[in-house]
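> Got a structure for you, written out below as structure tokens; questions coming shortly.
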Amino acid sequence: MKTIIKSFLLALVVVMASCDLPNNIDPKSATAVTSDVLFTNVEISLFNQIGSVNVNRNVFRLLSQYQTEVTYVTESNYNFSDRTLPDTHWGILYRDVLANAEETKKILNNTLFTDKQELKNKLAQTEVLEVYAYQMLVDAFGNVPYTEALQGDANSRPKYDDAKTIYYDLVTRLDKAITDLTADAGSNTFASADVLYGGDVTNWLAFANSLKLRIALRIADVDATKAGTMITQAVASGVFTSQDQSAILHYTGVTPYVNSYYTEYVLNARRDYVPSNTFIDKLNSLNDPRLTSWVTTSDYYGGIYKGLTYGTAGRYSRFSHFVDGILFNPTYPVIISDYVEVEFLLAEAAARTLGGVTGAEQHYNNAINASMTYWGVSSADAATYLSQPTVAYTTAPGTWKQKIGTQKWIGLFDRGIEAWNEWRRLDYPTLNPPAGMVYSDIPVRFPYPYNENKLNGTNYAAAAKAIGGDLTSTKLFWDKY
Amino acid sequence: MRKVITLLCLIIGISWAAAQTRVSGTVVSGDDGQPVIGASVLVKGTNIGTITDSEGKYALSLPAQAKILVFSYVGMTIVEKEAKTGLKVTLQTDSRQINEVVVTALGIKREKKALGYSVQELNSDLNNAKESNFVNAISGKVSGVQIKQASTMGGSANILIRGNKSFIGNNQAMFVIDGVPVDNSNTNSTDVADGLGGYDYGNAASDINSEDIESISILKGAAASALYGSRAANGVILVTTKKGKAQKGVGISVNSGLLFTSADKSTLPKIQKEYGAGYGDYFDYADINGDGKDETIVPTYDDASWGHKFDPTLKVVDWVGLDPFDKVNYGRQVPWVAAKHDIRDFFETGAKYSNNIAIDGGNEKGTYRLSYTNVSEKGIMPNSKMNKNNAAFSGSYNFTKNLSFDSNVSYTNDANVGRYGTGYDPGNPMQSLGQWFQSNVDINDLKQYVVSSNGAQRTWNYGDPINGDLSPIYHNNIYWTRNVNYENDGRNRLFGYINAKYKIAPWISLEGRASTDYYSEMQEERIAIGSNQTSKYSKYLRTFIETNYDVMLKANRTFGEFTTTGLLGVSRRRNEVASTYAYTVGGLLVPGFYNLMNSKSPIFTKENDELLGVNSGYANFTFGYNSFLYLDLSGRVDKMSTLPSANDTYFYPSISGSIILSEISALKKFKPLSFAKFRLNYAEVGNGAPAYSTGKYYTQNTNWSTLGVFSLSSVLSNPNLKPERTRSIEAGLEANFFEKRIGFDLSLYKTNSIDQIMPVNISRASGYNQRYVNSGEIENKGVEFSFNATPIKVGGFTWDLRVNWTKNVNKVISLYEGVDNILLTDSWDISLNLAKGQPYGILRGTDFVYTNGKRTVDATGHYLYATNTDGSNKTDCNLGTVLPDWTGGISSTFSYKGLSLYLLVDISKGGKVYSVDQKYGVATGLFAETAGLNDKGVAKRDAVTAGGGIKYDAVYADGKVNTTYIDADTWGTAWDYDQIPTAEYVYDASYVKLRELSLSYTIPAKLVKKTPFTKISASFVGRNLWIIHKNTPYFDPETSQSAGNIQGIADGAYPSTRTLGFNVSLSF
């Protein structure tokens, strides 16, 4: 009897103590990865978000009025809460882009490099993308989490920092990256993992300087002195000098790495957007030869280019469509920064007499010509276009703001985010408020994520107060006019 | 207590002694004189004994010194008689029910009166109405248990006992068969739960074959279930299976049923019949038939019904006439009229056949039972069927007087085709039919014209037919969805255990049990080429294995007036879940070929392999004094693999006690009182973490050509997790009067769950979407009341009445780190949340501005929205909880001789449900309320200037009644969701339902005797026959997307299903 009880108690001890429990490590998830695979993800995530036309992710082409919605005109009428769009834009930039970029840097810093320049270059490549992403966040929302952001466990409710302070810190970081980016013998960069440039340091440097040039002009209205210095530095260090250097990602054409138009219009067979009247009317009035590359004619309206009145519902079949051979091609690329944009920035610098840049007209022409070439317009047609009094820099109507603003808006075609940014700053072209709204209803700011109120309430409230209200009418610090 | 020992000994073995005399006799019931089968016959003071056979007969060899025989049977008084042969003993029903035995945790049978906690049993009325998912059959019958049934074929039943105890984790009750845990996983994707589409594959416990269930015990509180450990914190459904009975020969029973199911039309929307297709009043014009004149063409690309007023004199070309491959109909012109057949004609009559045959038998050495069941079902939508086969064997055998074993093995195989797509998804026909549709499209046309002669889909929703684009713009033809884009799935499951008992001494035994629950399942989903989404094929394979080993030492001793029992046990649990999910990417290459290789781009594959283990030790001691006072102490220690090693071992205790008040001498004199007991308990249950929530991982994305693409996991792990804890206290009073004619059982409880392990959404500026935390507290306080009475018992007529009522008050006391809201899910403008200080599941969205309690409009007649201080719409107004205020059930059984009528009314009061269907159904001009006349007698769709339009039932800011009419003639006007706050579509989810009705007849034994059968009964059964009361427009307030924590959002809701049929049982 006793032996049985004893052996039972022994069994109990054996089961509890020595019977090994399975370990708690997921065999089907990676516990360690290389910086390469994260860096590739950072690039892809950034381009995907900027290029997306998914109505749940990116509606900036509506805000810049390149296109408008056909039936469900909610977002065209500036209701973003239905699909919590700000949450998605913010979430992708912070999580998919920035958090992975930070992790890339962490892994790099924990890796032993025999070539110290390799570490510097890789960190700098990552840093340029981070600066880009942060600028997008500030441009959309104003004050955003920065110093306390991306700390994971350490701080799940980061405070928001002042937009201008972030901007200036981004410049400092960009300067360091520009200093660090150095080409020397050997493949000492993110090379094949760099799906943008294949590790070409010269191109990275040009991209970084072009980004610096963009930031400089963004603050030109509020801090001309700093802008001037930055322009001088960027031009001296080398901005894009041809479209070949531009930050353009070409998709592989193999799902999921296909352009978002292809996913929505071809794979998902959606027909949600057509070109807006704002866009087509402007291009029609200027006889823009790029129209053929971008949009089709409307049979319903007798073979003309016809856009749907912005913000109103209409029938897809009746209006011009995007050219499917170009925009709906699975490999249709996404541009995040290009030579066209740089030339417009230089034109503006010259017009503002900032940073020692001169020749506004030449830069203006260069920009338009580069865009024409990129979109397959012959140089003859481009010249004809430029020679029109409505287009030629000297004769085009209005101030330099209007001339450059209008042409830049066209030159930035399909880059909704940057086009909306520059429209807010240059205040041209004149967009169309949707029916029942007035011009001042067109958003000049993206509202904060609706979930921030619930998940980070105190800091959200403080930030909303600091910027003058979490409203689409609250202007950003650089949007002075 | 002696009885328990006796029973135990009987099970363990029957000893045979030498030098014996043989006696025999019969045992009959005092109620009806019928033989008592399985009654215990024991030689007093020994363990020698036997049980009676099917004719109530026993035979026993007596040891030399034997004098007295003790006769007993559950629920009957014990009788002692001097041993002699030829005895006929009559056992009387024990009205004071002191012998009532119930099954408790670990399958241990206990005297009910000794329990210090609430256990509710279900026997005879469990499966009156032949529900195929037996979980649904519990609804309304037990207090403290809330069941939500799916309206899809084979969909998940949501079962909550005493409220939501976990914020984000599993709140479903645990299922146990004969003391052995059985898995109730739900493999539904989070998309299904969130209403984003997919299929509801049901809950795994639905494999439990209702034909094999003898009874169900429901352990509601932690004290009752603590011995099961962590998983029992949400309560336990204990299933006891049917066993073989000792009898002469072989017992055979056959049970066959045929049930018909149909859509409850009161849960379908009413479609307006005045206006046709369009987002506004227009047609297209083109020359389709080539006669040189333009025809009037229906705008097929619009999925709304704001179009032109119907006019039979107007001839139009509709979608049927737009397919150039249909030579017969191309260009045909039809009158512009409303569809003759609408949503109400889509649903078919379903049928369910169930057949069961069981064979059982046994003798004093052992028993066996073999059962085979087939259930085949055809749903209420085209191309939907389920087929389930179940074979089960249970047996017991006594090897020696001290060593015995019993075992139960069951195999289930099910194969299903065409489950119903759920949520806001093209796979759900209700998305188009019930939200985005044209009132002119006839269901019969859709059924007739599904595929064009070129193999392409024919849909009413062509993108641009005039210009030759015949692809669906938004919606598939629902028959294409059902017949071409169907899913199929299947599961093979083996469940079984072996239990061995060794009696060390008369008062102590050692018991060992090994069990396994093993299944593999497969799910295939399809989207054909030519559908409105990228064509796709996906395959999901999953295997689940749970093994449990238990070793228990059980002892019983009596010391004078004191009875004691002791239990010491160890157990080892291992779970392994391995799954592979793969799908084609970028579309399919070859039409109609569903193979992962038929993928345009490289396939996506997700593998999952989850291994977890728990080692446990437990102990339980009970003390009883003079059948008057009882005390139970138990404790369990778990060591769980999913917790960090520093925190992986945790102990939790429980204590319970009861006083039999009716034994108090003062009350003993009170004759009407038959029995009364007061009980009190306190218990804690600990719980571990989900597997792999403590380590840091990277997620792999699809390769970019040959480059790897990884990202940080979006969920931040937590290496410092500690166990969760649930603490509960419960008090109860039960009593019977007038020999059980009236009785009640009242429980009061309070449960606090703290340190919850959960992934919570965090600001994504932190770099993560979610993080695992160990925080928060949720409280459930409640009252459960059950009442039973036999108001009439005259002659052969009896009316039994049972009422149960439950009120659970749930409150989120704290969340984490000062956060006062956690988002559970959101879709469009509605979100479901956990909010500090509020009950579980708060709906949030935009709300009206109320003036004196009335909705307020501005001067233009449009609703004012509650706003933030900066003037923007408040998107987070509290619109109420999805939890009911109380639930209850009333059942009545009227029996007269062999005839019995059973009625069950199921009631749920309060709680909210949001309807996406209603929001879109009116916005698209589809529902009946958007047409007809306004209160001025003018058509609502006429212009306001012509006396039309509608006015909202509201007041102006100054409190005066709204008199401003606004246009309601097109998309985006008065019925549009952009004009109306979210609160409009939040409804009270109360209901009163006639849940079950059955009329059964058992042929009297006298008549049966003349047949080869021993029992014949037939019944007419019905389920969900009538929704007696509801406050929702159209849809069933009970609707849900899936089982789980996401409740209260109706999106693409199916009608509820009525079941009606009959059932025949034969035994021979």
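> Please compute the Cα-Cα pair-distance distribution of the range B:726-874 with 5 Å bins starting at 0, giving whole percents from short to long.
2, 7, 10, 12, 11, 10, 9, 9, 9, 7, 5, 4, 2, 1, 0, 0
> To continue, here is another question. Calculated from DSSP H runs of 4 or more alone, at -39500 (n - 2.57) each and per residue, what is the 222 nm mean residue ellipticity of the protein assembly as shown, nearest 500?
That calculation yields -5000 deg cm²/dmol at 222 nm.
> Averaging over all projection directions, find the projected area of the Cα convex hull of the protein assembly as shown and quote it in nm² with one decimal place.
That works out to 62.6 nm², a quarter of the Cα hull's surface.
> Given a Förster distance of 60 angstrom, what is the FRET efficiency for A:Asp381 paired with A:Thr458, based on the Cβ-Cβ distance and rounded to 0.05?
0.55
> What ratio of Cα Rg to 2.2 N^0.38 Å holds for chain A?
So chain A has a normalised radius of gyration of 1.11.
> Quick check on packing: order A:423-429, B:262-268 by the mean number of other C-beta atoms within 10 Å, highest mean leading.
Sorting A:423-429, B:262-268 by mean packing, highest first, produces A:423-429, B:262-268.
> Looking only at other chains, what is the average number of their beta-carbon atoms within 10 angstrom of each beta-carbon in B:709-722?
Mean shielding by partner chains, rounded to a whole number: 5.
> Further question: Taking the Cβ of each residue in B:Trp306, A:Trp294 as the centre, tally the other Cβ atoms inside 10 Å and list the residues starting with the fewest.
Fewest-to-most Cβ neighbours within 10 Å comes out as A:Trp294, B:Trp306.
> Cα atoms only: what Rg and Dmax, in Å, come out for the range B:333-406?
Gyration radius and largest Cα-Cα distance of the range B:333-406: 25.2, 88 Å.
> Place +1 on the Cβ of every Lys and Arg and -1 on the Cβ of every Asp and Glu in the protein assembly as shown, take the dipole about the Cα centre, and give the residue among B:Ser872, B:Val79, A:Thr312 whose Cα lies farthest towards its positive end.
So the residue furthest toward the plus end is B:Val79.
> Follow-up. Please say if the range A:236-292 is rounded, prolate or oblate, where rounded means a/c under 1.5 for a ≥ b ≥ c the square roots of the C-alpha gyration tensor eigenvalues, and otherwise the choice is prolate for a/b larger than b/c and oblate otherwise?
oblate
> Please rank B:Leu899, B:Leu864, A:Leu412, fewest neighbouring Cβ atoms within 10 Å first, as an exposure proxy.
Least crowded to most crowded, the residues run B:Leu899, B:Leu864, A:Leu412.
> Now, a different point. Could you tell me how many degrees, from 0 to 90 and to the nearest 10, lie between the Cα long axis of helix B:2-12 and the main elongation axis, the longest principal axis, of the Cα atoms of chain B?
So the inclination is approximately 80 degrees.
> A further question follows. On a C-alpha basis, how far is the centre of the range A:371-400 from the centre of the range B:891-942 in Å? Whole number, if you could?
Result: 65 Å between the Cα centres.
> Hey, another quick one. Taking Cα centroids, how far is the range A:256-326 from the range B:594-661 in Å?
If we compute the Cα centre of each part, the gap is 60 Å.
> Report, to one decimal in Å, the Kirkwood hydrodynamic radius for the range A:36-95 based on all distinct Cα pairs.
Final number for the Kirkwood radius of the range A:36-95 is 12.4 Å.
> Does a label point 7 Å from the Cα of B:Asp953, set along Cα-to-beta-carbon, have any residues of the range B:968-990 with amide nitrogen under 18 Å, and which are they?
Answer for the range B:968-990: B:974-976, B:980-990.
> Put +1 on the Cβ of every Lys and Arg and -1 on every Asp and Glu Cβ in the protein assembly as shown; which of A:Ser156, B:Leu541, B:Tyr474 then has its Cα farthest towards the positive end of the dipole?
Of the options given, the answer is B:Leu541.
> Using θ = phi - 60° and the Karplus curve 6.51 cos²θ - 1.76 cosθ + 1.60, what whole-Hz ³J(HN,Hα) does each residue of the range B:506-513 get, with Gly and Pro shown as x?
The phi angles translate into x, 10, 9, 9, 10, 10, x, 9 Hz.
> Taking the beta-carbon count within 10 Å as an exposure proxy, list B:Asp191, A:Asp272, B:Asp935 from fewest neighbours to most.
B:Asp935, B:Asp191, A:Asp272
> Along the principal axes of its C-alpha atoms, what lengths does the range B:840-964 span, in descending order and rounded to whole Å?
Principal extents (largest minus smallest coordinate, Cα): 71, 40, 28 Å.
> So what are the ³J(HN,Hα) numbers for the range B:233-249, from phi and the Karplus equation (6.51, -1.76, 1.60; θ = phi - 60°), rounded to whole Hz, Gly and Pro as x?
Calculated HN-Hα couplings, in order: 4, 9, x, 9, 9, 9, 9, 9, 8, 5, 10, x, 10, 5, 6, 7, x Hz.
> Only four residue types carry charge here, +1 at the Cβ of Lys and Arg and -1 at the Cβ of Asp and Glu. Report the dipole size of the protein assembly as shown about the Cα centre in Debye, rounded to the nearest 20.
The dipole of the protein assembly as shown has a size of about 7540 debye.
> Count, for each residue of A:34-47, the Cβ atoms from other chains sitting within 10 Å of its Cβ, then give me the mean as a whole number.
4
> Per-residue Cβ counts within 10 Å, from other chains only, averaged over B:356-362: what number is that?
Average per residue, whole number: 0.
> Here is a follow-up. Amide H neighbours of B:Val316 under 5 Å, counting only residues 5+ apart in sequence or on other chains, H built in-plane at 1.01 Å?
Amide H neighbours of B:Val316, under 5 Å, 5+ apart: B:Val334, B:Trp336.
> Now, a different point. Whole Å is fine, so just give me how far the alpha carbon centre of the range A:412-465 lies from that of the range B:737-753.
61 Å
> May I pose another question? Could you give me D for the range B:478-570, from Stokes-Einstein at 20 °C and 1.002 mPa s, where the hydrodynamic radius is the Kirkwood radius over C-alpha pairs? Units µm² s⁻¹, please.
In µm²/s, the coefficient is 119.
> Once you have the alpha carbon radius of gyration of the range A:358-464, what is it after dividing by 2.2 N^0.38 Å, with N set to its residue count?
The range A:358-464 yields a ratio of 1.44.
> I need the P(r) histogram for chain B: all alpha carbon pairs, bin width 20 Å from 0 out to the longest distance, whole percents.
In whole percents, the pair-distance histogram is 11, 39, 33, 14, 3, 0.
> Moving on to the next point. With Kirkwood's inverse mean 1/r over C-alpha pairs for Rh, give me the Rg to Rh ratio of the range A:321-388, two decimals please.
1.08
> Something else about it: Quick one: P(r) of the range B:676-731 from all Cα-Cα pairs, 5 Å bins, percents rounded to integers, in order of increasing distance.
With a bin width of 5 Å, the distribution comes to 4, 13, 14, 11, 11, 10, 8, 7, 6, 5, 4, 3, 2, 1, 1, 0.
> To the nearest 0.05, what FRET efficiency results for B:Val101 and B:Phe562 with a Förster distance of 22 Å applied to their C-beta separation?
0.60
> By average Cβ neighbour count within 10 Å, what is the ranking of B:481-490, A:38-47, A:160-169 from highest down?
My ranking of the peptides, most packed first, is A:38-47, B:481-490, A:160-169.
> Once phi is turned into ³J(HN,Hα) by the Karplus curve 6.51 cos²θ - 1.76 cosθ + 1.60 with θ = phi - 60°, what whole-Hz value does each residue of the range B:944-959 show in order, with x for glycine and proline?
Going residue by residue, I get 4, 5, 9, x, x, x, 10, 10, 6, 6, 7, 10, 7, 4, 7, x Hz, with x marking Gly and Pro.
> Which shape class applies to the range B:406-533: rounded if a/c is under 1.5, otherwise prolate when a/b exceeds b/c and oblate if not, where a ≥ b ≥ c are the square roots of the Cα gyration tensor eigenvalues?
Taking the square roots of the gyration eigenvalues as a ≥ b ≥ c, the range B:406-533 is prolate.
> Something else about it: To the nearest 20 debye, what charge dipole does chain B have about its Cα centre, counting +1 at the Cβ of each Lys and Arg and -1 at the Cβ of each Asp and Glu?
Dipole of chain B, to the nearest 20 debye: 5620 debye.
> Related question: Whose amide H sits under 5 Å from the amide H of B:Gly179, counting only residues 5 or more places off or on another chain, with H placed in the peptide plane?
Result for B:Gly179 returns B:Gly107, B:Val239.
> Hey, if you put +1 on the Cβ of every Lys and Arg and -1 on every Asp and Glu Cβ in the protein assembly as shown, which of B:Gln438, A:Ser378, B:Ser118 ends up farthest toward the positive end of that dipole?
B:Ser118
> Now a separate question. Which lysines have a Cα less than 22 Å from the Cα of A:Lys403, not counting those fewer than 8 places away in the same chain?
A:Lys282, A:Lys480
> Apply 1/(1 + (r/R0)^6) to the Cβ-Cβ distance of B:Lys606 and B:Val417, taking R0 = 25 Å, and write down the FRET efficiency to the nearest 0.05.
According to the calculation, E is roughly 0.55.
> Just the Cα atoms of the range B:199-253: what Rg and Dmax do they give in Å?
Computed over the Cα atoms of the range B:199-253, radius of gyration and Dmax are 15.7, 49 Å.
Where a number appears in this text, it was derived from the coordinates with a stated rule and is not lab data. All figures in this text were calculated on a predicted structure; none of them were measured in a lab. Using ideal geometry, Cβ is built from the backbone for each residue, glycine included, and neighbour counts are taken over all protein chains shown.
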